[in-house]
1. The conditions are (1) within 15 Å of DNA strand C (Cβ to nearest atom); (2) crowded, with 21+ Cβ neighbours inside 10 Å; (3) within 14 Å of chain B (Cβ to nearest Cβ), and A:Leu212 fails exactly one of them. Which is it?
2. Of the residues B:Asn19, B:Asn15, which is of a type in the set (S, T, N, Q), at pLDDT below 95 and surrounded by 16 or more Cβ atoms within 10 Å (Cβ to Cβ)?
3. Name the residue, out of B:Glu217, B:Glu152, B:Glu196, that is near DNA strand C (Cβ under 9 Å from one of its atoms), at pLDDT 95 or above and within 18 Å of B:Thr77 (Cβ to Cβ).
4. Which residues, counting only those in region A:33-90, are without any contact (Cβ under 8 Å) to a residue 40 or more places away in the chain, more than 30 Å from B:Glu163 (Cα to Cα) and not acidic (Asp, Glu)?
5. Would you be able to tell me the number of residues in region B:177-210 that are touching a residue at least 60 places away in the same chain (Cβ under 8 Å), under 18 Å from B:Ile231 (Cβ atoms) and in a helix (DSSP H, G or I)?
6. Tell me, which residue of region A:211-228 that is more than 6 Å from DNA strand D (Cβ to nearest atom) and in a loop (DSSP other than H, G, I, E, B) is nearest to A:Leu90 (Cα to Cα)?
7. Would you please list the contacts, defined by Cβ atoms under 6 Å and residues six or more apart or on different chains, that run from a residue in region B:221-248 that is within 8 Å of DNA strand C (Cβ to nearest atom) and at pLDDT 95 or above to a residue that is of a type in the set (Val, Ile, Thr) and outside any loop (DSSP other than H, G, I, E, B)?
8. What tally of residues in region A:113-146 results from selecting those that are within 12 Å of chain B (Cβ to nearest Cβ) and closer than 17 Å to A:Leu90 by Cβ?
Protein chains: 2
Amino acid sequence: MSGGKCGGAGPVSSNTGRNDAEIAGTSRLFSGILPDYHSRLCGAGHVRHFSRGETLHFEGDAVRRVLLLTGGLVKITGRSQGGREVILRLSGVGDALGVVGLFSSGLHYTTAEAFQPGRALIWEDRVFRSLAEQFPALRLNALATLGDDLRELEERFREVATERVAARVALQLLRLRQTIGRPVEAGAASIEVSREELAQMTGTTLFTVSRLLSAWEDRGIVKPLRGGVVICDVQSLGTISQEDPPER
Amino acid sequence: MSGGKCGGAGPVSSNTGRNDAEIAGTSRLFSGILPDYHSRLCGAGHVRHFSRGETLHFEGDAVRRVLLLTGGLVKITGRSQGGREVILRLSGVGDALGVVGLFSSGLHYTTAEAFQPGRALIWEDRVFRSLAEQFPALRLNALATLGDDLRELEERFREVATERVAARVALQLLRLRQTIGRPVEAGAASIEVSREELAQMTGTTLFTVSRLLSAWEDRGIVKPLRGGVVICDVQSLGTISQEDPPER
DNA sequence: ACAACAATTTGCGCTGGCGCAAAGACACCT
DNA sequence: AGGTGTCTTTGCGCCAGCGCAAATTGTTGT
């Protein structure tokens, strides 16, 4: 537990309710809802902390609550009967979990595992349903968020179906840089995602990812680290991502 | 309706409003809305017919209207810069197009092309927005539908990232059988999808699909036709779909 | 019927990327 | 420090599936 490199004992995690309400207030889920109501919304739920590696829900579980992440990072995965796992997306601060399932099948069809320690504002399913009736914006925002998730997955589906591995990994690194990249020096950003996870995001193997990163390191494009990568040359990655659209 | 090659001049397509309203009434989009209001909803839009090959909207277009398909079949595709096209999903009777884009980016990020001739009930964007405010169920239903689309794409993403081609094609055939399969004899169903389209759904090439189908024909599992396939042995396809989950 | 076209099949050769194994390189615990 | 477990790298061999070309077959228009 405890997280890898991140500040476990910072002042942030000491105070539960207060800070989380502020974060929730700026989340997309709350967008369009008057701030006056925010405390009411937050008050209807409770805060829970979770540590790295903890599973928030399993594939197949019934949806019993809705979470709004106010800290940390969660990976959403799917598993094949053969045990192979793919990473469908990452959810970060401000993202909601469970809303979709709540309004359709009632089941989680993915697994959510904490990637970095964090915390979430939690509503029991019935509570959230009732809130959604009082605040239609909640559903509207859920719809918009879901639309974005779908959009990104469509893009990645297209990639895995048509691009070769090098291009896919380059594209994924560029996306990760935008979402979870942490600046380290001028122009460089670090991404804390292992080789295996990168492979699970792009439909390849950790070996191939490792080989690619090694090759790119020689060209000064990235700097592989244990459990992560530093992206040095965004432009080159962009070039690689467009290379060789395999014939036909 | 109607279907594939069948009756273009039948009574169905002669009458516009009436029949479409009935179909719309049973669509998922209208679920939870009292039938009394259906005519009002339908009256706010108009009907349009389209023929095979016609494009309903292009990737990048602004979302100007919402369509509810009351006939025909539409393929939703994405294209890479290299011109390669993938089929993200098929939309059939009762499915709505454009809702997502309307409530998020305002743009279509996919292309919709008619697969079979058909027709749709159309609302101008402003009109639909206003209807959505009067009938919150519209948004709720859109949310649920979108959830299903996401769910299916997640499944296919997992497949293309982890399964080998034979398994992916088998799984896709089984899915198509459920959605657009037309029974031909005892236990057999025909699917009118070309090799190339099958390839674009599963992330492979038309050559490989052709080879697979030929091999399966020898085993009596399918019967390849020009522009389609007849599925004879569902069970064997199920077996194939689970075969060989490549090691590791 | 025949021509022109579109979809499909099939042989052949090649290679991108996988699978495996074994050897590093780190981080953490005691 | 040293031990232990995890993550990563790299060499090697191999094969699933692609790319191409040419033949074949089904469809449509005149």
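1. That leaves (3) as the condition not met.
2. Values: B:Asn15 fails: surrounded by 16 or more Cβ atoms within 10 Å (Cβ to Cβ).
Residue meeting the stated conditions: B:Asn19.
3. Numbers: B:Glu217 fails: within 18 Å of B:Thr77 (Cβ to Cβ); B:Glu152 fails: near DNA strand C (Cβ under 9 Å from one of its atoms).
It is B:Glu196.
4. Kept after step one, since they are without any contact (Cβ under 8 Å) to a residue 40 or more places away in the chain, are these residues of region A:33-90: A:34-36, A:38-40, A:43, A:76, A:78-84.
Pick out the ones that are also more than 30 Å from B:Glu163 (Cα to Cα) and you get A:34-36, A:38-40, A:43.
Passing the criteria: A:Leu34, A:Pro35, A:His38, A:Ser39, A:Arg40, A:Gly43.
5. Let us first name the residues in region B:177-210 that are touching a residue at least 60 places away in the same chain (Cβ under 8 Å), namely B:179-180, B:182, B:192, B:197, B:200-201, B:203.
Subset that is under 18 Å from B:Ile231 (Cβ atoms): B:179-180, B:182, B:192, B:197, B:201.
Then drop every residue that is not in a helix (DSSP H, G or I), which leaves B:179-180, B:197, B:201.
Number satisfying all stated conditions: 4.
6. Start the filter on region A:211-228 by keeping residues that are more than 6 Å from DNA strand D (Cβ to nearest atom), which leaves A:212, A:215-223, A:225, A:228.
Among the residues that remain, those that are also in a loop (DSSP other than H, G, I, E, B) are: A:219-221.
Numbers: A:Arg219: 29, A:Gly220: 27, A:Ile221: 24 Å.
Across region A:211-228, the extreme among qualifying residues is A:Ile221.
7. Every condition considered, the pairs that remain are B:Gly228/B:Ile191.
8. Summing the residues that are within 12 Å of chain B (Cβ to nearest Cβ) and closer than 17 Å to A:Leu90 by Cβ in region A:113-146 gives 2.
The values are calculated or read from the model by the stated rules, or taken from the named source; none is laboratory data. What you see is a predicted model, and the numbers here were worked out from it, not measured in a lab. Cβ coordinates were reconstructed from backbone atoms using ideal geometry, including for glycine residues, and neighbour counts include every protein chain displayed.
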